[in-house]
Amino acid sequence: MSGFTFAETMSGSYFLDEAPQRDLAMSFTVKVEVHSLSRFVRDRMATIEGEVVLEGRADHRALRGTLEMDLLLGRKLRYEFDFVDDAGRKCRFAGQKDVEFTRLMHTMTTLPGELFADGKRFATATVRFDARSDLGAFLGSFRPLGLPGFRR
């Protein structure tokens with residue numbers, strides 16, 4: 001197996017810095033790909049692409065970025081992706097799950113992050129993986145990449 005792929009959806013809220021009391025919906029769905037296991041063992045990085053929805057700002061906008069999956073040594077999952085919002089601004093999401101083995105379910109399903117537009121932070125966010133409704137689809141999305149005769 002050269003690598004692997006899986007899909008993940010997270011949803012929750014974002015809060016504008018200028019109006020932190022207002023709860024706005026946010027979600028993203030990503031396809032995660034690791035093209036080389038030997039490289040992944042060294043750098044723990046995967047590519048991600050998919051789409052993001054930010055209520056009032058980005059309606060199913062394409063995203064691209066990386067997911068650092070350093071569970072054992074760094075005990076973290078770091079998501080970073082770029083997208084262009086509905087007004088044409090270059091935006092970025094950066095978030096990190098800090099994995100605590102004593103609170104594994106919570107720390108593996110909750111992703112706090114920040115949103116930036118044109119390099120300046122405009123919001124904070126918290127999105128979650130809904131294990132009850134999405135775990136089956138998540139586990140079923142894992143596929144090997146690069147096996148002879150295997151098609152995605």
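The values are calculated or read from the model by the stated rules, or taken from the named source; none is laboratory data. Bear in mind that the values here come from a model prediction, so they are computed numbers and not experimental data. Here the Cβ positions follow ideal geometry from the backbone for every residue, glycine too, while neighbour counts run over all protein chains shown.
Taking the stretch 31-48, which residues are among the polar types (S, T, N, Q) and touching a Ser or Thr at 6+ places or on another chain (Cβ under 8 Å)?
In the first step, residues of the stretch 31-48 are kept if they are among the polar types (S, T, N, Q); the result is 36, 38, 47.
Across the stretch 31-48, the qualifying residues are Ser36, Thr47.
For the stretch 91-108, check the following and say yes or no: at least one residue is over 21 Å from Met45 (Cα atoms), part of a loop (DSSP other than H, G, I, E, B) and over 17 Å from the mean Cα position of the chain (by Cα).
Within the stretch 91-108, not a single residue is over 21 Å from Met45 (Cα atoms), part of a loop (DSSP other than H, G, I, E, B) and over 17 Å from the mean Cα position of the chain (by Cα).
Of the numbered conditions (1) of a type in the set (Lys, Arg); (2) crowded, with 16+ Cβ neighbours inside 10 Å; (3) touching a Phe, Trp or Tyr at 6+ places or on another chain (Cβ under 9 Å); (4) over 21 Å from Leu135 (Cβ atoms), Lys97 fails exactly one; give the number of that condition.
(4)
Kindly provide the set of residues from the stretch 104-133 that are at pLDDT below 90 and charged (D, E, K, R), ordered by number.
Listed by number, the list holds a single entry, Arg132.
Got at least one residue in the stretch 68-86 being under 28 Å from Pro20 (Cβ atoms), basic (Lys, Arg), touching an Asp or Glu at 6+ places or on another chain (Cβ under 6 Å) and not in a helix (DSSP H, G or I)?
yes
In the stretch 8-19, which residues are more than 16 Å from the chain's Cα centre (by Cα) and either in a loop (DSSP other than H, G, I, E, B) or touching a residue at least 40 places away in the same chain (Cβ under 8 Å) (or both)?
Quick first cut of the stretch 8-19, residues more than 16 Å from the chain's Cα centre (by Cα) only: 15-19.
Phe15, Leu16, Asp17, Glu18 - these are the residues of the stretch 8-19 that are more than 16 Å from the chain's Cα centre (by Cα) and either in a loop (DSSP other than H, G, I, E, B) or touching a residue at least 40 places away in the same chain (Cβ under 8 Å) (or both).
Of the residues that make up the stretch 28-43, is at least one under 18 Å from the mean Cα position of the chain (by Cα) and among the acidic types (Asp, Glu)?
Within the stretch 28-43, the first condition is being under 18 Å from the mean Cα position of the chain (by Cα), and the residues that meet it are 28-35, 40, 43.
Then drop every residue that is not among the acidic types (Asp, Glu), which leaves 33, 43.
Yes, the stretch 28-43 contains at least one residue that is under 18 Å from the mean Cα position of the chain (by Cα) and among the acidic types (Asp, Glu).
Anything in the stretch 32-48 that is touching a strand residue (DSSP E or B) at 6+ places or on another chain (Cβ under 6 Å) and surrounded by fewer than 14 Cβ atoms within 10 Å (Cβ to Cβ)? List them, or say none.
Ser36
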